[in-house]
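Structure record follows, encoded as structure tokens.
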Amino acid sequence: MMKPKPFLRRAMWLSLLSVSALSFSSPSFSADASAQGDVPSLTLDLENVTVSGLSSGGYMATQFQLAHSDWVKGVGVIAGGPYFCAKGDITTALAQCVNRVEGEIDLEALNKKAAQYEAEGKIASLSNMKDAKVWLFHGTQDTRVIAQVSDLLFEQYKLWTDTPNITYVNDKPMAHLFPTENNGVNCMKSESPFIGNCDYDAAGAMLSHLFEELSTPDEELSGKLHSVDQQNAAGSDAKTLASEGFVYVPASCAQGEPCRAHISFHGCNQYADAVGDAYTTETGLNEWADDNNIVVLYPQAKKSLFMPLNPQGCWDWWGYASSDYANRDGAQIRAVKKLLFSLNSEPSSINVPGSINE
């Protein structure tokens, strides 16, 4: 089949983002003015990191975890689809990976791509996935990323990961958003900031699966949300990221206690300039992190009305920033890794591309 002409491809890019995850117009806000700039010195366990994300952030969480499954040991995905679903092509992403599936998704071909990347050293060994902890969620009222797409992600993980390590929650009547106990908008509507008042603590359910023996959080937060300079930390790899990212640091971690690290990827139209501090403060992740010595990194993508085109501020899960978007060589994956490692006060034995360890 002939590829569409450039002006048609541009229209398709815009069309994809208008029907895909978190694809509604939202007002522009400033990032949380209370976020503090100086991140305290941290001692992080960077050999047992976990990641999670919503929608485009869910796709990104899977990509990041497979790229670095040697030290990213758990992943949570809300309303995401199978690894490499878009195959680096906007037309495929639009036709098969969000609100409809035209034809049949060839899961075997997607898995072969992962095996190819493994053989080329572009992702970590897939054998690491056997013991990984995986938590998946799809709301029954979600029409932005349909159930068939999320079901295929579940099937894909079952090929790599021991089934007892996988939890798939797919029986909750909730729309396309991040479910919480009492924060956000009507749970049945996908509206900005795409955090839902659902009487369901997705953050707690997810983290309790990814980590063992967590303490139930109390009502007080001891820690603080800090801003981080993404451009300074990640250099040229951060070209498609916002200037500022965020990190929640519990008081215990700020005082020097060893802490775990979790990365949370926002969805489309959920970056800080669009929703303020809603995603970085209202999902419930900080409450659980606060009482369990977990530092939460909230990297930020940005919208772009020019090439690379990304008008809804999505994470790259179809190749707008790099043909290597789904592996270790992808600029966004490299940038987020550098950002995480820049938070740690101790040198790490894990290689960071572009660093003195390389």
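Which of (1) closer than 24 Å to Leu221 by Cβ; (2) assigned to a loop (DSSP other than H, G, I, E, B); (3) more than 15 Å from the chain's Cα centre (by Cα) does Tyr248 not meet, given it meets every other one?
(2)
If I ask for residues that are under 22 Å from Gly284 (Cα atoms), among the polar types (S, T, N, Q) and buried (at least 22 other Cβ atoms within 10 Å of the Cβ), which ones from the range 41-64 would you list?
If the condition is that a residue be under 22 Å from Gly284 (Cα atoms), among the polar types (S, T, N, Q) and buried (at least 22 other Cβ atoms within 10 Å of the Cβ), then Thr50, Ser52, Ser55, Ser56, Thr62 are the ones that fit.
Examine the range 142-162 for a residue that is basic (Lys, Arg) and over 25 Å from Asp277 (Cα atoms), and state whether such a residue exists.
Within the range 142-162, one or more residues are basic (Lys, Arg) and over 25 Å from Asp277 (Cα atoms).
State all residues of the range 93-109 that are crowded, with 18+ Cβ neighbours inside 10 Å and within 22 Å of the chain's Cα centre (by Cα); if no residue qualifies, say none.
Matches in the range 93-109: Ala93, Leu94, Gln96, Cys97, Val98.
Listed here are the residues, each with its yes/no results for (1) aromatic (Phe, Trp, Tyr); (2) more than 24 Å from Phe194 (Cβ to Cβ); (3) under 18 Å from the mean Cα position of the chain (by Cα); (4) at pLDDT 95 or above.
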position: Ala119; (1), (2), (3), (4): no, yes, no, yes
position: Met129; (1), (2), (3), (4): no, yes, yes, yes
position: Gln148; (1), (2), (3), (4): no, no, no, yes
position: Phe154; (1), (2), (3), (4): yes, no, yes, yes
position: Trp160; (1), (2), (3), (4): yes, yes, no, yes
position: Thr163; (1), (2), (3), (4): no, yes, no, yes
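Give the residues of the range 114-144 that are among the aliphatic types (A, V, I, L, M) and without any contact (Cβ under 8 Å) to a residue 40 or more places away in the chain, sorted by residue number.
Just the residues of the range 114-144 that are among the aliphatic types (A, V, I, L, M), to begin with: 114-115, 119, 123-124, 126, 129, 132, 134, 136.
Answer for the range 114-144, where residues must be among the aliphatic types (A, V, I, L, M) and without any contact (Cβ under 8 Å) to a residue 40 or more places away in the chain: Ala115, Ala119.
Check His68, His138 and return the single one that is within 21 Å of Thr283 (Cβ to Cβ) and buried (at least 20 other Cβ atoms within 10 Å of the Cβ).
His138
Determine if the range 46-62 includes at least one residue that is touching a helix residue (DSSP H, G or I) at 6+ places or on another chain (Cβ under 8 Å), within 30 Å of Leu126 (Cα to Cα), at pLDDT 95 or above and among the aromatic types (Phe, Trp, Tyr).
no
With the requirement that a residue be part of a loop (DSSP other than H, G, I, E, B), crowded, with 24+ Cβ neighbours inside 10 Å and among the small types (Gly, Ala, Ser), what does the range 304-349 give you?
Of everything in the range 304-349, those that are part of a loop (DSSP other than H, G, I, E, B), crowded, with 24+ Cβ neighbours inside 10 Å and among the small types (Gly, Ala, Ser) turn out to be Gly313, Ala326.
Give me a count of the residues in the range 174-193 that are under 12 Å from Ile78 (Cα atoms), part of a loop (DSSP other than H, G, I, E, B) and in contact (Cβ under 8 Å) with a residue 60 or more places away in the chain.
Of the residues in that region, 2 qualify.
Restricting attention to the range 254-266, does a residue exist that is among the polar types (S, T, N, Q), surrounded by 17 or more Cβ atoms within 10 Å (Cβ to Cβ) and in a loop (DSSP other than H, G, I, E, B)?
no
Kindly evaluate Gly80 against the criterion of being at pLDDT 50 or above and not in a loop (DSSP other than H, G, I, E, B).
So Gly80 fails the test.
Going by the conditions given, is Trp160 in contact (Cβ under 8 Å) with a residue 60 or more places away in the chain, touching a helix residue (DSSP H, G or I) at 6+ places or on another chain (Cβ under 7 Å) and under 23 Å from Leu207 (Cα atoms)?
Criteria not met by Trp160.
The values are calculated or read from the model by the stated rules, or taken from the named source; none is laboratory data. Values in this document were obtained by computation on a predicted structure and should not be read as measured data. As a convention, Cβ positions derive from the backbone with ideal geometry for all residues, glycine included, and neighbour counts pool all protein chains shown.
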